[in-house]
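Before any comments, here is the structure.
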Amino acid sequence: MEYLHEDLNVYWRNPPAHVLSKEEEELREKTPMFHAASIEWDRWSKRERSMISDLFAGQHASQLRCLTCRRTSTTYEPWFNLSVEIAGRGKVTLEDCLSSYCREERLAKGQEWSCPHCQTTRDATKKITITKAPMYLVMHLKRFHMDSGGVARKDASIVDFPLTGLDLAPYMLPRPTDDQMATAQRGLDQSMLGPFKYNAYGIVEHFGRGLQSGHYIAWINDRARKTWRKFDDQRVTDIQNIRPDGAYLIFYERVNYP
């Protein structure tokens, strides 16, 4: 997706956004997150704009919080897919994975944050909040991990996910209040406002033990025929009740997106 975006980027000749000064970063940190996220999206979009970004790009805020002074530092990052860890073993849900992805966590020992306010290394927490939801959402389940020997191993846990009605609202930045909207210096587009409901239209499933081997099949929702179709090399079959237990990628379309 990123390579397609790069090849189709119509603003690639534009200069990159200027690096914020310390004073500008401090001002951004005091700005309401919904407003800061919108500003950062505009800064990124001045050099990054393509058909791919219009359809698939989202944004999240990654916020570090010092456990001593309680001050925060937030970065706003665009993405073309949500890549989530499988939250647990056995049978888990996609909602479990999203909750884990957005849960505030304490940084591990050895990964302490160099707090710019304390001007020393401090224990800190990190929390991710989705700030912009795209028209088409690509969910990537991290099934492959490198072991101590550098070999990719697969997590074959079954991840239960909804084919219809996936709701991103619990993982999104809360909707601004009417007073906040009234005082905002710019309007917010629909990607930052609810509802955030999605229906699946495609699934990629992997069979096999490792990243360098195995077999991929695709499931596509054929709306015209009102059925799911399974694409397995040259074999194409219609299936009403699908169970892709080895889902690796899930493609969602936002419902009632303007």
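The values are calculated or read from the model by the stated rules, or taken from the named source; none is laboratory data. As the structure is a prediction and not an experimental result, all values here were calculated from the model. Because the Cβ atoms are built from the backbone with ideal geometry, glycine has one as well, and the counts that use them run over all protein chains shown. Surface accessibility is based on the protein's heavy atoms, side chains included, excluding ligands, DNA and RNA. Shrake-Rupley method; radii C 1.70, N 1.55, O 1.52, S 1.80 Å.
The residue that is surrounded by the most Cβ atoms within 10 Å (Cβ to Cβ), counting only those in the range 200-249 that are closer than 24 Å to Met135 by Cα and of a type in the set (Asp, Glu), is Glu205.
Per the conditions (1) of a type outside the set (Gly, Ala, Ser); (2) within 19 Å of Leu94 (Cβ to Cβ); (3) part of a loop (DSSP other than H, G, I, E, B), the sole criterion not satisfied by Ile130 is (3).
Take Leu211 and tell me if it is closer than 22 Å to Val92 by Cβ, at pLDDT below 95 and part of a loop (DSSP other than H, G, I, E, B). Here the answer is yes, as Leu211 does meet what is asked. The residues on offer are Ala133, Ala124, Ala156, Ala169, and the sole one that is open to solvent by 60 Å² or more (accessible area, probe 1.4 Å) and in contact with a Lys or Arg (Cβ under 9 Å, 6 or more places away or on another chain) is Ala156.
How about the range 141-154: which of its residues are assigned to a loop (DSSP other than H, G, I, E, B), farther than 14 Å from Gln212 by Cα and not hydroxyl-bearing (Ser, Thr, Tyr)? Selection gives Asp147, Gly149. Would the range 82-96 turn up any residue that is touching a residue at least 60 places away in the same chain (Cβ under 8 Å) and closer than 19 Å to Ala37 by Cβ? Taking every residue of the range 82-96 in turn, none turns out to be touching a residue at least 60 places away in the same chain (Cβ under 8 Å) and closer than 19 Å to Ala37 by Cβ. Answer yes or no: is there a residue in the range 109-116 that is among the basic types (Lys, Arg) and in contact (Cβ under 8 Å) with a residue 12 or more places away in the chain. The answer is no, given that none of the residues of the range 109-116 is among the basic types (Lys, Arg) and in contact (Cβ under 8 Å) with a residue 12 or more places away in the chain.
For the condition under 13 Å from the mean Cα position of the chain (by Cα) and either at pLDDT 90 or above or open to solvent by 40 Å² or more (accessible area, probe 1.4 Å) (or both), Leu141 qualifies.
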